[in-house]
1. Calculate how steeply helix 89-101 sits against the longest principal axis of the alpha-carbon atoms of the chain, using the helix alpha-carbon long axis, and give the answer as 0 to 90 degrees to the nearest 10.
2. Between Asn15 and Val39, what is the spin-label point distance in nm, taking each point 7 Å from the Cα along the Cα→C-beta axis?
3. What are the ³J(HN,Hα) couplings of segment 17-27, residue after residue, when phi is run through the Karplus curve with 6.51, -1.76, 1.60 and θ = phi - 60°? Round to Hz, x for glycine and proline.
4. Amide H to amide H, which residues 5 or more places from Asn44 or on other chains are under 5 Å from it, using H placed in the peptide plane?
5. With a sphere of radius 13 Å drawn around the Cβ of Lys22, what net charge do the other residues whose Cβ falls strictly inside it have (Lys, Arg +1; Asp, Glu -1)?
6. On a 0 to 90° scale, report how tilted helix 230-245 is relative to the longest principal axis of the chain, with both axes built from alpha carbons and the result rounded to the nearest 10.
7. Where does the charge balance sit around Thr230 when Lys and Arg score +1, Asp and Glu -1, over other residues with C-beta under 13 Å from its C-beta?
8. Quick check: Cα centre of segment 195-248 to Cα centre of segment 82-121, how many Å?
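Read-outs: derived from the displayed coordinates by stated rules, not from any lab. Since the model is a prediction, treat every value here as computed from it, not as a measurement. All Cβ positions, glycine included, derive from the backbone under ideal geometry; neighbour counts span all protein chains shown.
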Amino acid sequence: MRTIRLFYPGELKCNTDIRLNKNQSAHLVRVLRCQPGTVVTLFNGNGKQYQCKMVDASLTKTTVAVLVEQTVSRESSLEINLVQGVSRNDRMELCIQKATELGVYKITPVICERSNYRLDKKRQEKKLQHWQSVANSACEQSGRNIIPAIEPLQMLNDYFQTITDSEPTIFLHPDAGQSLKTIKLNAENSARYRLSILVGPEGGFSLQEINQFKQFDWQAVKVGPRILRTETAGPAVIASLQILWGDF
């Protein structure tokens, strides 16, 4: 039996009716061929999901009745902040999608020296909204009820001003002398681990950036003997960390 999950950006309460937007309505009725009475699961990122039932089959404003509230946790005990050097559109979107599916806690996009990225402030805001929608859709597919936040786009140098010593930080480098297995993590409250990962854009980090990382005593690690593409590196590391300390 298929499970239909949709992200709803508003408040969800049992024993109420809500209307879905045009795109979601058309997807249910035209693509999935759903009829009134079809069960649909909605979530809004508050950690819960809601069993609903279609009241009608409108192509533009499908109405669903919210019936049952469920608390379902599919979050990892490992809180990973992926600090991703901004890359070209399709690569960045693929990275966000797969990192979300793999359980990333937060994604911080940063502009590095080798990032080929030029957008004015208004277009940056639209791009950020689009990246968040990619994460929302990935949560629909993967069953997550908490959506990883996409942090505001910032320069890598500005990100340096926000860091603390409270959590370990690693950056990927093909010439590093250690692997992920050598990283030490300390559990915090509720046995949760926290870790930040820095992944460079196309072309990797510059020598100046790497020297800055070392000043913060961040650990350079490599992922095997092969050099990974920027959109592959983040998800590959997240999957590996979930095996070592997470929920895989």
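1. 70 degrees
2. 2.2 nm
3. So the Karplus estimates, Gly and Pro as x, are 10, 10, 10, 7, 6, 4, 5, 5, 4, 5, 5 Hz.
4. Sorted by chain and number, the residues that satisfy this are Tyr8.
5. Working: positive: Arg19, Arg30, Lys61; negative: none.
The answer is +3.
6. The two axes meet at around 90 degrees.
7. Details: positive: Arg88, Arg91, Lys98, Arg114, Arg229; negative: Asp90, Glu93, Glu202, Glu231.
That works out to +1.
8. One Cα centre to the other: 13 Å.
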